[in-house]
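Report on the following structure.
Since every read-out is calculated from the coordinates, none of them should be taken as a lab result. It should be emphasised that the depicted structure is a prediction, and the values quoted were computed from it without experimental measurement. Quick reminder, even Gly has a Cβ in these numbers, built from the backbone with ideal geometry, and neighbours come from all protein chains shown.
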């Protein structure tokens, strides 16, 4: 399976953990031969899953389990030592079930600010960065930007590869700055949603756009390791952030008219194309549109809900 889908279901990890704990008792030799294949296979598959979720610590732990229990080049220890290793393997597999996937939120947490946002919008952060001094002049604008960024980052964390959200799809991030481009896409989707439903014109588009861009640049600077394959990719993306963001907004601009004309399917294809541009520089194919179509449709359908979440955050 590709990014965004769980390779090892929880029941497989639970079964492997049960195998490991049972191996601590005196059982026939055939059981231990079978357990080597189970432990090694599950550990390798889980390590691949952790790699796609960027969980480096887990990768090394699972790699050690795979090497220790590999059935092709068996490692030999005393029975007492093996009981310790069997129990440790069981704990590792059980930990894979209990851990929360990166970026996933439990039901009921709602639209909350991730820790990086809380640092970005904190008073100390405002004082530290002179270019953020405008936050102090008009608090309502700060709240609007904060709410938009919160909605956008929730969209990102619920759909980015490595999550187990019910409406995520196997996105294929092949560019060194794919995750960052996808974050910009989520920001643009939120901005266009908020502005399209701003009937009273309470929001200044330029202020909202610039605020979201400043957050994006701050993210690229402070959390480069989470969004880029290399420091050079981070610097290039910072210089190109405005161009990427404005290009997304330009493509989003046709959304209201297409909705009125009842051309929702056509715009779903356009959303799919935008998402694909974050994955690769290769032109979007019909297969890409079909693969990403589910996510595009869900984003299109949930844009009114995103607007309601934005309004709710402003009231807090």
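From largest to smallest, what semi-axes in whole angstrom does the stretch 10-98 give when each is the square root of 5 times an eigenvalue of its alpha carbon gyration tensor?
Working: eigenvalues 91, 35, 24 Å².
The three semi-axes for the stretch 10-98 are 21, 13, 11 Å.
Taking the beta-carbon count within 10 Å as an exposure proxy, list 265, 236, 202 from fewest neighbours to most. Don't jump to the answer; show the numbers that get you there.
On the way: 265 12, 236 16, 202 9.
The most exposed by this proxy come first: 202, 265, 236.
So how do 272, 285, 234, 280 line up by other beta-carbon neighbours within 10 Å, fewest first?
So the residues, fewest neighbours to most, are 285, 280, 234, 272.
Given a Förster radius of 35 Å and the C-beta distance between residue 84 and residue 229 as r, what FRET efficiency does 1/(1 + (r/R0)^6) yield to the nearest 0.05? Intermediate values should be presented prior to the final figure.
Working: r = 38 Å, r/R0 = 1.09.
Efficiency, rounded to the nearest 0.05: 0.40.
Among 10, 158, what is the fewest-to-most ranking by other Cβ atoms within 10 Å?
Numbers: 10 12, 158 19.
Ascending number of Cβ neighbours within 10 Å: 10, 158.
Rounded if a/c is under 1.5, else prolate if a/b is larger than b/c, else oblate: which is the stretch 163-316, with a ≥ b ≥ c the root eigenvalues of its Cα gyration tensor?
Working: a/c = 1.69, a/b = 1.12, b/c = 1.52.
Verdict is oblate for the stretch 163-316.
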